[in-house]
């Protein structure tokens, strides 16, 4: 790899504005969601809000055998609601819990926060769509900690009917623009990177996959580019993560997430 540099954010903003038909402009955009006031009340629905990235994606651009290679690093911010998850009372069932005013208020804030994150993922897709309008098979990775906050599956079931990784991956019916996942053929029982006991949804398994590596079709089949991701190349590094952190103090631990790795190979042709 040669010539590594970070993409200028003005280029990102120009590309996403173009791909969104100016729906995203100067790095900002509008979306509709309930309006919440400071008194703990929900005021109307379908109110237009303006948003921009909490943590703007960074794009590392390199060259390999004359082909442009881009790695889009994302870190979606989940802990920006500013409200603790309300505690359940002993023996309290779901109906009684979710009927409580404090839980209703928390869910409204969580819904608004997740809607914002969805628009951020959509902005990443706009950048990818723009690249596909410039080049038939761009070589792009999208990686990072794709946080989605408390009530992950609960919000998806009852409010959003989609998840963040689904928004990023795109539409499988447009196969060459669809992002493949590094862990698609990794053992299911090991396909998680963090433990999170969700107080909103306590029946959900505490092991969740928040850290992802995805890539465009140019890397998934021989002959589409100079690089290839062969089967069984992705891995969650549980063993090395646990071994290193076992001897570190709580304040010195590397992370509460296990890292994900991917082996990318050069492709020189069948000969």
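Just so you know, all these numbers are worked out from the coordinates, no wet-lab data involved. Predicted, not measured: the structure shown is a model, and the values here were computed from it. Heads up, the Cβs are rebuilt from the backbone with ideal geometry, glycines too, and the neighbour counts pull from every protein chain shown.
Observations on the model:
- Computed FRET value (nearest 0.05) for residue 67 with residue 99, which takes r as the C-beta separation and R₀ as 41 Å: 0.15
- Rg ratio (alpha-carbon, reference 2.2 N^0.38 Å) - the chain: 1.11
- Proxy reagent accessibility, fewest Cβ within 10 Å first, across 212, 111: 111, 212
- Pairs of Cα atoms nearer than 8 Å and 6+ residues apart set the relative contact order; for the chain it is 15 percent.
- Computed on region 55-126, with alpha-carbon pairs under 8 angstrom and 6+ residues apart, the relative contact order is 25 percent.
- Against the chain, whose longest principal axis comes from its Cα atoms, helix 101-134 is set at around 20 degrees.
- Angle between the chain longest axis and helix 9-19 axis [Cα atoms, degrees, rounded to 10]: 80 degrees
- Fewest-first ranking of 233, 133, using other Cβ atoms within 10 Å as the exposure measure: 133, 233
- Expected 222 nm ellipticity per residue - DSSP helices of 4 or more, -39500 (n - 2.57), all of the chain, to 500: -8000 deg cm²/dmol
- The label-point distance for residue 207 and residue 10, in a model that sets each label 7 Å from Cα toward Cβ, rounds to 4.8 nm.
- Cα centroid separation, region 168-228 to region 250-267 (Å): 15 Å
- Ranked 104, 2, criterion: other C-beta atoms within 10 Å, fewest first: 2, 104
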